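Values in this text are rule-based calculations from the coordinates and carry no lab data. Predicted, not measured: the structure shown is a model, and the values here were computed from it. Note: ideal-geometry Cβ built from the backbone for every residue, glycine included; neighbour counts use all protein chains shown.
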């Protein structure tokens, strides 16, 4: 029972760590997008095709970020369910190290 609780707490910690790191990455990407948009607005050298391509690329990255987050969340949930469903083995069911050894 204790091991199951420990595994679930570890998984929850890892999920929190992933969520925090992922949120930081998304924040940096959003800031980069805003900087790029400001640069595009003020740059007369870039054509509309270049701006559209970069806009499409940003949308693609955002969509893949969402997909990655969904996959990670579902994987964490599956692992958590796996450990939550496992039943602890009692000492009567555990194979003994002394089985097969003669004492004395």
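Worth a mention:
- Distance between the modelled labels on residue 5 and residue 61, one decimal in nanometres: 4.4 nm (7 Å Cα→Cβ projection).
- Taking 0.36 nm per residue of separation and subtracting the current Cα-Cα distance, fully stretching the chain between residue 80 and residue 40 would add 9.9 nm.
- Of the residues 54, 68, the one with the fewest other Cβ atoms within 10 Å heads the list, and the complete ranking is 68, 54.
- Normalised alpha carbon radius of gyration of region 2-81 [divisor 2.2 N^0.38 Å]: 1.60
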